[in-house]
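Here's the structure we're looking at; comments come further down.
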Amino acid sequence: MAQTTLLYNIGQLLTMDQHEGPVRGENMSKLDVKENYAILMKGGKIAEIAPTNELINSEADEKVDCEGKLVTPGLVEPHTHLVFGGSREHEMALKQQGVPYLDILKQGGGILSTVRATRKATEEELYEKAMFHLNRMASYGITTVEAKSGYGMDKETELKQLRVAKKAGENHSLDLVSTFLGAHAITEEYKDNPDALLGEMAALFDQIKEENLAEFVDIFTETGVFTIEQSRRYLQKAKDHGFDVKIHADEIDPLGGTQLAVELGATTGDHLAVATDDGIKQLAGSDTIGVLLPGTIFYLGKGEFARARDMIETGAAIAISTDFNPGSSVTENIQLIMSLAALKMKMTPEEIWHAVTVNAAHAINRGEEAGQIKVGRKADVVIWDAPNYLYIPYHYGVNHVNTVFKAGQKLYQRGDLLV
Ligand SMILES: N=CN[C@@H](CCC(=O)O)C(=O)O
Ligand SMILES: [Zn+2]
């Protein structure tokens, strides 16, 4: 018989379902908070949502007293570089000496150092490592995650990364959405002919489609990496092959990646830390979601965070993410990113909750499945050790998760100290 679980005495319940589609502009600050509610989960789905006194006598295999805690949808993480070999702690000193991120890359470090480690790693090693990071993400309340390739940049290693992501998605309880980021840097082999690298990566599009290895194609549009023109051609080709597209845009230099994302109808423009007034205006007038990554700005020691306030005030839909990767943002802790969004980008708690649930789900084409608590949907639900939704961005740097349910099954529960 299907497992039935009742969560009752929920102090604050965020269902995140009061708006249609991605939530943009001033709607991001309109949050419906239900008090003293209950949720009945049956057969992995949400069966009923009602005040506690209406559901308390429901038949259930398990009844969980939420003791007035906050309950929300499982969080959605829309931008990670999940599968990689090695780590880059040895670059920390260079960062402290002020060597810029793009200079480390130019010297063959940074992304290229992870490329070497990823090429060397076996599929099994990459898989074990990816599963470890997925477990940690789950412990922070994440129930759906996007994963990019991009540390191979040769045919064999890119396919290896994508296959590892696929297997991890099949075997882990978290839902995983895969992105092909073969155009992530210019490798030594192609330093005099980046177009040939793009050609080699584009030659993989058919196989990636056939083996169902990725839904999105992404590119790093940046000084010393790929130009706007190269990005336009490459992503257009990806679209012609039936992929949805994303862009690492306007992260360090304002090349106009934000405008290119809009022009191409990209699902998301990611980073946007130095997006111009024009870029922001175009973003706001488009269906492209801005995925902001304040952890990266913090970790790279840069002063200027993405202008979330301007973006939201002009009407854009914004999601936020860890950008988990071994170089520019080494954390799986999305709750820390929620605090940075509040402290450094001045996003309100209401906007932040939209940015990590419904908008993050739309940012990876999962708006109809994830990011909301709705009758008939998969029961991805988090109980927080917090009395209200303001509390998570406020109390920063620690894990507030009490319990995570994925498709109605308990996936993570805070452990007890063994003392
Ligand atoms: N900026 C480009 N790519 C990643 C960083 C990858 C790395 O440094 O390994 C990002 O989104 O921040
Ligand atoms: Zn990234």
Item to complete: Read through the list (1) in a helix (DSSP H, G or I); (2) touching a residue at least 12 places away in the same chain (Cβ under 8 Å), then give the number of the only condition that ASP253 fails.
Response: (1)
Item to complete: Tell me, please, whether a residue that is touching a residue at least 40 places away in the same chain (Cβ under 8 Å), in contact with a Phe, Trp or Tyr (Cβ under 6 Å, 6 or more places away or on another chain), part of a strand (DSSP E or B) and within 28 Å of GLY109 (Cα to Cα) can be found in the range 161-173.
Response: no
Item to complete: Test ALA147 against the stated conditions and say whether it is part of a helix (DSSP H, G or I), within 16 Å of ligand 1 (Cβ to nearest atom) and within 25 Å of the chain's Cα centre (by Cα).
Response: no
Discussion item. Which condition from (1) within 16 Å of ligand 2 (Cβ to nearest atom); (2) more than 29 Å from LEU94 (Cα to Cα); (3) not charged (D, E, K, R) is the one that ILE334 breaks?
Written reply: (2)
Worksheet item: Looking at the range 374-409, which of the residues that are open to solvent by 40 Å² or more (accessible area, probe 1.4 Å) and β-branched (Val, Ile, Thr) is farthest from GLN18 (Cα to Cα)?
Response: VAL398
Practice prompt. Output the residue which, of all residues in the range 1-36 that are more than 19 Å from ALA319 (Cβ to Cβ) and in contact with a helix residue (DSSP H, G or I) (Cβ under 6 Å, 6 or more places away or on another chain), is most open to solvent (accessible area, probe 1.4 Å).
Written response: ASN36
Worksheet item: So how many residues does the range 38-83 have that are open to solvent by 10 Å² or more (accessible area, probe 1.4 Å), not in a strand (DSSP E or B) and not β-branched (Val, Ile, Thr)?
Response: 12
Worksheet item: Considering only residues of the range 219-233 that are in contact with a Gly (Cβ under 9 Å, 6 or more places away or on another chain) and in a helix (DSSP H, G or I), which is most open to solvent (accessible area, probe 1.4 Å)?
Response: ILE228
Practice prompt. Please work out which residue is surrounded by the most Cβ atoms within 10 Å (Cβ to Cβ), limiting yourself to the range 84-106 and to residues that are within 16 Å of ligand 2 (Cβ to nearest atom) and part of a loop (DSSP other than H, G, I, E, B).
Written response: PHE84
Item to complete: Would you mention how many residues in the range 13-47 are in contact (Cβ under 8 Å) with a residue 60 or more places away in the chain and closer than 20 Å to LYS378 by Cα?
Response: 16
Worksheet entry | Index of the failed condition, VAL356 passing every other in (1) over 12 Å from the mean Cα position of the chain (by Cα); (2) more than 16 Å from ligand 1 (Cβ to nearest atom); (3) closer than 20 Å to LEU82 by Cα | (1)
Worksheet item: So which residues in the range 244-256 are of a type outside the set (Asp, Glu) and open to solvent by 10 Å² or more (accessible area, probe 1.4 Å)?
Response: ILE252, PRO254, LEU255, GLY256
Response to the item:
Out of (1) closer than 18 Å to PHE216 by Cβ; (2) in a loop (DSSP other than H, G, I, E, B), the one GLY109 does not meet is (1)
Worksheet item: Do we have ILE186 as touching a Pro at 6+ places or on another chain (Cβ under 8 Å) and touching a residue at least 12 places away in the same chain (Cβ under 8 Å) here?
Response: yes
Discussion item. When you scan the range 336-355, do you find a residue that is under 24 Å from THR5 (Cβ atoms), open to solvent by 10 Å² or more (accessible area, probe 1.4 Å) and either among the aliphatic types (A, V, I, L, M) or not in a helix (DSSP H, G or I) (or both), even just one?
Written reply: no
Response to the item:
Given (1) in contact with a Lys or Arg (Cβ under 9 Å, 6 or more places away or on another chain); (2) within 14 Å of ligand 2 (Cβ to nearest atom), LEU176 misses just (2)
Fill in: Of the criteria (1) of a type in the set (Asp, Glu); (2) under 23 Å from LYS106 (Cα atoms); (3) within 16 Å of ligand 2 (Cβ to nearest atom), which one ASP154 fails
(3)
Fill in: Given (1) closer than 17 Å to ARG24 by Cβ; (2) open to solvent by 10 Å² or more (accessible area, probe 1.4 Å), index of the condition TYR412 fails
(1)
Fill in: Exclusive hit being more than 16 Å from ligand 2 (Cβ to nearest atom) and in contact with an Asp or Glu (Cβ under 7 Å, 6 or more places away or on another chain), set VAL375, VAL358
VAL375
Worksheet item: Of the residues in the range 121-144, how many are open to solvent by 10 Å² or more (accessible area, probe 1.4 Å) and either under 20 Å from ILE186 (Cβ atoms) or assigned to a loop (DSSP other than H, G, I, E, B) (or both)?
Response: 3
Worksheet item: What is the number of the single condition among (1) in a loop (DSSP other than H, G, I, E, B); (2) touching a residue at least 24 places away in the same chain (Cβ under 8 Å); (3) open to solvent by 10 Å² or more (accessible area, probe 1.4 Å) that GLU368 does not meet?
Response: (2)
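The values are calculated or read from the model by the stated rules, or taken from the named source; none is laboratory data. Since the structure is predicted, the reported quantities are computational estimates derived from the model, not experimental observations. Cβ coordinates were reconstructed from backbone atoms using ideal geometry, including for glycine residues, and neighbour counts include every protein chain displayed. Side chains included, ligands, DNA and RNA excluded: accessible areas come from the protein's heavy atoms. Shrake-Rupley method; radii C 1.70, N 1.55, O 1.52, S 1.80 Å.
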